[in-house]
Amino acid sequence: MNQPVRHLQRVAVIGGGPAGLMAAEVLAAGGVQVDVYDAMPSVGRKFLLAGKGGMNITHSEDLPAFRGRYGARAGEVARWLDGFDPQAVRDWIHGLGIDTFVGTSGRVFPLEMKAAPLLRAWLHRLREAGVRFHMRHRWLGWQDGRLRIATPEGEILVEADASVLALGGASWARLGSDGAWAPLLADKNVEVAPLVPSNCGFDVDWSAHFSEKHAGAPLTTVAIAWRGRNGEMLRRQGQFVVTATGIEGSLVYAISAPLRDQIAQSGSATIWLDLLPDLDAGRVLDEVARPRGSRSVSSHLQGRLGIKGVKVGLLHECLSKEAYGDPASLAAALKALPVVLRRPRPIDEAISSAGGVRFEALEGGSAMLRALPGVFVAGEMIDWEAPTGGYLLTACFGSGRAAGRDALDWINRKK
Ligand SMILES: Cc1cc2nc3c(=O)[nH]c(=O)nc-3n(C[C@H](O)[C@H](O)[C@H](O)COP(=O)(O)OP(=O)(O)OC[C@H]3O[C@@H](n4cnc5c(N)ncnc54)[C@H](O)[C@@H]3O)c2cc1C
């Protein structure tokens, strides 16, 4: 008697970052054979790097506020979050045997703040579920409907019932996400927005003297004011660092998207530093204008207002001699010192990238490329951005799950 033949459906997941691994998890649970291909010698390299400074995996704020972090793309990202919200992310981590905690800022971390134990447990579970990993396998595009993949033994063609591309953005290329996929998709009529830095630092034309003296100096009590997208003045307090070429750090990253866009439009962007964010302008003027006798302006500022080091350096750097000597101008500058940003730092240095596969290139709100039926996309390679705070990883996880689900639906419909 002839046995019925059951063809095991095969899905190729290209890219083993958090988005690709999530897609693999959903697909394996759906009963298909999953093969993960990654160009690097091991998966999850950027995920591991993200864990170095304290892996911030999601955020505990309420859902409407959380959704709002995705700005213009909040509507599209909501679909991913609906399927895997921040609490689901935490539950999922707990399911891997790793506890989480909420830090004072509301950010959520794995208990040990590290990514390595989480990734180890996750990969173990994926292997147990039958997922196969093919390292040093670089996807190069398609030939006759098959995936072209370069391996250490030479190029191969891979046939799959569906594929999920989760190739990452274009920062930290040495960890695998080099953005080389963008022209391959554009050639297939997939709309791809240019990849640009997100959560990035900026160049400032510091003088050689200032740069040599203050590169690496942190500014811990400062606020920055900047002009928002509709011309309104916005303000945020935090910390950043002066670098040899400009500024970087958490406060700068948080406001980097509108500043990057302003520079693209107008060639530069101005921010205004409040060097004394805890004192109002009237009090600052009173202190600056007090008689200083034979004391220099610098020692007067240090004595009355605690302004010293890099803050004095910034005043000298950004103010004319006359303004520095005039109490009214000096007091105004202490509360709103203009600094001109010339350009974002190169994309490779950024925490993440914006741009990528446009949502408009996706079929009816799903993860499938309209131009390439059976090809799904996930993670940072899609055109959305978010600040740091766990929003990037949460969206990558949710997007990976959505791509996995959509690919399953598609092959099940095809059967
Ligand atoms: C320094 C740093 C700190 C960060 N900290 C945080 C944080 O605390 N919290 C947070 O939420 N986010 C953080 N992020 C961002 C987060 O790590 C990324 O957003 C996330 O890893 C993106 O996931 P992804 O799966 O889309 O892509 P990636 O993690 O970039 O993975 C893409 C994978 O695709 C592979 N690949 C690419 N091209 C090919 C190809 N042609 N063939 C085969 N394989 C290919 C790559 O090798 C890589 O393994 C940080 C990023 C950096 C750089």
Close pairs from the range 205-216: first modelled with pLDDT of 95 or more, partner surrounded by fewer than 16 Cβ atoms within 10 Å (Cβ to Cβ), Cβ under 7 Å, at least 6 apart: Asp205/Arg342; Ser211/Ala244; Ala215/Ala244
Flag for Pro183 being open to solvent by 40 Å² or more (accessible area, probe 1.4 Å), farther than 30 Å from Lys308 by Cβ and without any contact (Cβ under 8 Å) to a residue 12 or more places away in the chain: yes
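Residues checked against (1) within 14 Å of Gly390 (Cβ to Cβ); (2) open to solvent by 40 Å² or more (accessible area, probe 1.4 Å); (3) outside any strand (DSSP E or B):
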position	(1), (2), (3)
Met22	no, no, yes
Glu25	no, no, yes
Ala28	no, no, yes
Asp35	no, no, no
Ser42	no, yes, yes
Met55	yes, no, yes
Ile98	no, no, yes
Phe109	yes, no, no
Lys114	no, yes, yes
Selection count where residues are in a strand (DSSP E or B) and either in contact with a Ser or Thr (Cβ under 9 Å, 6 or more places away or on another chain) or open to solvent by 10 Å² or more (accessible area, probe 1.4 Å) (or both), scope the range 363-391: 5
Matching residues, the range 190-214, being open to solvent by less than 20 Å² (accessible area, probe 1.4 Å) and part of a loop (DSSP other than H, G, I, E, B): Val190, Asn199, Cys200, Gly201, Val204
Test result for Gly75, assigned to a helix (DSSP H, G or I) and out of contact with any His (no Cβ under 6 Å at 6 or more places or on another chain): yes
Test result for Arg132, closer than 26 Å to Gly30 by Cα, within 15 Å of the ligand (Cβ to nearest atom) and open to solvent by 70 Å² or more (accessible area, probe 1.4 Å): yes
Residues that are outside any strand (DSSP E or B), within 13 Å of the ligand (Cβ to nearest atom) and in contact with a strand residue (DSSP E or B) (Cβ under 7 Å, 6 or more places away or on another chain), drawn from the range 135-171: Arg136, His137, Ala166, Leu167, Gly169, Ala170, Ser171
Residue that is most open to solvent (accessible area, probe 1.4 Å), among those in the range 231-245 that are more than 18 Å from Asp205 (Cα to Cα) and outside any strand (DSSP E or B): Glu232
Pairs, first more than 9 Å from Ala331 (Cα to Cα) in the range 279-290, second in a helix (DSSP H, G or I) and open to solvent by 60 Å² or more (accessible area, probe 1.4 Å), C-beta under 7 Å, six or more apart: Arg290/Arg304
Out of Gly398, Gly379, sole residue that is over 13 Å from Val164 (Cβ atoms) and modelled with pLDDT of 95 or more: Gly398
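For every residue, the table says whether it meets (1) assigned to a loop (DSSP other than H, G, I, E, B); (2) farther than 18 Å from Ala223 by Cβ.
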{"residue": "Asp278", "(1), (2)": "yes, no"}
{"residue": "Val284", "(1), (2)": "no, no"}
{"residue": "Lys311", "(1), (2)": "no, no"}
{"residue": "Leu315", "(1), (2)": "no, no"}
{"residue": "Ala328", "(1), (2)": "no, yes"}
{"residue": "Ala332", "(1), (2)": "no, no"}
So Arg227, is it assigned by TED's automatic domain parsing to the domain that holds Ala333 and at pLDDT 95 or above: no
Candidates Glu380, Glu349 - the one that is within 16 Å of the ligand (Cβ to nearest atom) and touching a Leu at 6+ places or on another chain (Cβ under 8 Å): Glu380
From Phe66, Phe47, Phe84, residue being more than 23 Å from Arg125 (Cβ to Cβ), within 16 Å of the ligand (Cβ to nearest atom), touching a residue at least 40 places away in the same chain (Cβ under 8 Å) and open to solvent by less than 20 Å² (accessible area, probe 1.4 Å): Phe66
For Gly228: the one exception among (1) among the small types (Gly, Ala, Ser); (2) open to solvent by 50 Å² or more (accessible area, probe 1.4 Å); (3) away from the ligand (no atom under 15 Å from the Cβ): (2)
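The values are calculated or read from the model by the stated rules, or taken from the named source; none is laboratory data. Values in this document were obtained by computation on a predicted structure and should not be read as measured data. No Cβ is skipped: glycine too gets one built from the backbone with ideal geometry, and neighbour counts run over all protein chains shown. Remember, those area values only see protein heavy atoms, side chains included, never the ligands or the DNA or RNA. Shrake-Rupley method; radii C 1.70, N 1.55, O 1.52, S 1.80 Å.
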